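Peer 1: Sending over a structure as C-alpha cells; questions will come in a sec.
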Amino acid sequence: MDLMGFAVASLQVMLRQVFWRPDVVWVVAPALFCAPAAWAVARLSGVKAWLHIQDFELDAAFELGLLRGKGLRGVVAAGERWLMRRFDVVSTISERMVMLLGSKGVKSDKAVLLPNWVDISEIAPLGQASPFRAEMGFPPDAVVVLYSGNMGRKQGLELLPQVATLLVDRPDIQFVFCGNGVGKPDLVQSCKGLPNVRFLDLQPISRLNDLLGLADIHLLPQRSGAADLVMPSKLTGML
C-alpha cells in the first residue's frame with residue numbers, strides 16, 4: 001500500500017513535467033506502480049518511454065509467498081505484460097532477467113541489458129583498517145562478518161541469526177548487520193541476547209566505502225525462489 005500511495009502522490013508531480021517537454025521519460029521498478037504515470041507522461045509529451053527493472057517485484061512476491069492465489073497471479077501477470085509492452089525500451093540488469101522479459105511479451109529489439117555498476121573512484125579497497133573497527137570497539141584481529149543492505153522479506157535474513165548462534169562461542173568472529181527495512185524488527189528480535197551481533201542503521205553514502213571495508217567476510221543471503229527475478233545491486237560494491 002505504501003508503494004501505491006507513493007505512485008498516487010507522485011502523479012501530479014509527474015503530470016507537471018509535460019509542460020517542459022522532456023526528451024525521454026525513465027522509470028525504475030520497483031516500484032512498478034509508478035510505471036503507468038511515466039508511460040502516460042511520455043505519451044502526452046510525445047517522447048520515448050523507458051522502463052528499467054531492478055527486480056521483478058510481482059513475480060518475487062508470489063514466489064516468496066507474499067502474494068498468493070493462482071487467479072490473482074494470472075490477473076497481475078496479464079496486467080504486467082500489457083504495461084511492459086507499451087514501453088519503447090525495457091531494460092534490466094542480468095542476462096537471465098533479459099530472457100524473462102521475452103516471456104513477458106517484450107520484443108527483443110526493445111529489451112536491453114543494463115547491468116548495475118559501481119564507481120571505483122568512490123568504492124575501492126582501503127589502505128588501512130576501516131575507522132568503523134575502532135568506533136565499534138573491535139580488536140585488530142577480529143574477523144568481521146557484514147551484511148549491508150535492505151532488510152526486506154526477499155533476502156532470506158532469517159538465516160543470519162542462525163549462523164551467528166552457531167558461532168556464538170567464537171568471540172573472534174563478530175557480525176554486523178547494517179540497514180533498514182520491514183524485516184529489521186524480526187531480525188533484531190531473533191538476535192536478542194547474541195553478544196556477537198551488532199546493528200547499524202543505513203549509513204550515508206560518504207561512509208559507504210569505510211563500511212564495506214569493515215568486512216573480512218560479506219554476506220549475501222538470497223531466497224532461492226527469487227534467484228532469477230532479482231540481482232542484488234550490493235554485489236558490485238562487495239566485489
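The values are calculated or read from the model by the stated rules, or taken from the named source; none is laboratory data. The structure presented is a predicted model; accordingly, all values stated were derived computationally and were not measured. No Cβ is skipped: glycine too gets one built from the backbone with ideal geometry, and neighbour counts run over all protein chains shown. We work out accessible area using only protein heavy atoms, side chains counted, and drop any ligands, DNA or RNA first. Shrake-Rupley method; radii C 1.70, N 1.55, O 1.52, S 1.80 Å.
Peer 1: Full extension from residue 233 to residue 31: what is 0.36 nm times the residue separation minus their Cα-Cα distance, to one decimal in nm?
Peer 2: 71.1 nm
Peer 1: Please work out the FRET efficiency for the pair residue 217 and residue 122, using the Cβ-Cβ distance as r and a Förster radius of 25 Å; give the result to the nearest 0.05. Don't jump to the answer; show the numbers that get you there.
Peer 2: Details: r = 22 Å, r/R0 = 0.88.
Step by step, r from the Cβ atoms, then E = 0.70.
Peer 1: Taking the alpha carbon gyration tensor of segment 1-121, what are the square roots of 5 times its eigenvalues, largest first, to the nearest whole Å?
Peer 2: Details: eigenvalues 107, 72, 45 Å².
Over the Cα atoms of segment 1-121, the semi-axes work out to 23, 19, 15 Å.
Peer 1: Compute the distance in nm between two label points, each set 7 Å from the Cα along the Cα-to-Cβ direction, one at residue 108 and one at residue 13.
Peer 2: Output for this residue pair reads 3.9 nm.
Peer 1: Over the alpha carbons of segment 8-50, what is the largest minus smallest coordinate on each principal axis, giving the biggest first in Å?
Peer 2: Extents along the principal axes: 24, 19, 11 Å.
Peer 1: If you take the beta carbon distance between residue 44 and residue 85 as r and set R0 to 30 Å, what does 1/(1 + (r/R0)^6) give as a FRET efficiency, to the nearest 0.05? Don't jump to the answer; show the numbers that get you there.
Peer 2: Values: r = 19 Å, r/R0 = 0.63.
That pair, residue 44 with residue 85, gives E of 0.95.
Peer 1: Number of Lys-Lys pairs in segment 99-239 under 23 Å by Cα, sequence gap 8 or more or different chains?
Peer 2: So the count works out to 6.
Peer 1: Please provide three numbers in whole Å: the alpha-carbon extents of the chain along the principal axes, with the largest listed first.
Peer 2: That gives 60, 43, 33 Å along the principal axes, largest extent first.
Peer 1: Between the DSSP loop rule and a limit of at most 14 other Cβ atoms within 10 Å, which trypsin sites (Lys or Arg not before Pro) in segment 1-79 are left?
Peer 2: Passing sites in segment 1-79 are 68.
Peer 1: Still on this structure, please answer the following. Would you kindly state how much longer the chain becomes between residue 170 and residue 202 on full extension, computed as 0.36 nm times their sequence separation minus their alpha carbon distance, in nm to one decimal? Before the final figure, lay out each step's value.
Peer 2: Working: separation 32, 0.36 × 32 = 11.52 nm, distance 2.66 nm.
Value of the extension gain: 8.9 nm.
Peer 1: Can you pull the semi-axes for segment 58-195, root of five times each eigenvalue of the Cα gyration tensor, sorted largest first, whole Å?
Peer 2: Computed over segment 58-195, the values are 39, 23, 10 Å.
Peer 1: I would also like to ask the following. Nearest 10 degrees, 0 to 90: what angle lies between the long axis of helix 2-16 and the longest principal axis of the chain (Cα atoms)?
Peer 2: 50
Peer 1: Another one. For the chain, modelled as a GNM with alpha-carbon contacts under 10 angstrom, which of 152, 183, 193 fluctuates the most?
Peer 2: 193
Peer 1: Normalised by the residues of the chain, what does the relative contact order come to in percent, with Cα pairs under 8 Å and at least six apart?
Peer 2: Contact order relative to length: 19 percent.
Peer 1: Are there any trypsin sites (Lys or Arg not before Pro) in segment 130-231 that are in a DSSP loop and have at most 11 other Cβ atoms within 10 Å? List them by number.
Peer 2: 192
Peer 1: What do the square roots of 5 times the Cα gyration tensor eigenvalues come to for segment 125-224, in whole Å, largest first, as semi-axes of the equivalent ellipsoid?
Peer 2: 21, 17, 11
Peer 1: At a 1.4 Å probe radius, carbon and sulfur cover how many percent of the accessible area of segment 20-78?
Peer 2: Its accessible area is 65 percent carbon and sulfur atoms.
Peer 1: With the Cα gyration tensor of segment 55-111 giving a ≥ b ≥ c as the square roots of its eigenvalues, does the rule (a/c under 1.5 for rounded; else a/b larger than b/c for prolate; else oblate) give rounded, prolate or oblate? Intermediate values should be presented prior to the final figure.
Peer 2: Working: a/c = 2.72, a/b = 1.60, b/c = 1.70.
Verdict is oblate for segment 55-111.
Peer 1: Once amide H atoms are placed 1.01 Å from N in the peptide plane, what residues at a sequence separation of 5 or more from residue 178, or on another chain, have their amide H within under 5 Å of its amide H?
Peer 2: For residue 178, whose amide H was placed from the backbone, the distant partners under 5 Å are 147, 148, 149, 200.
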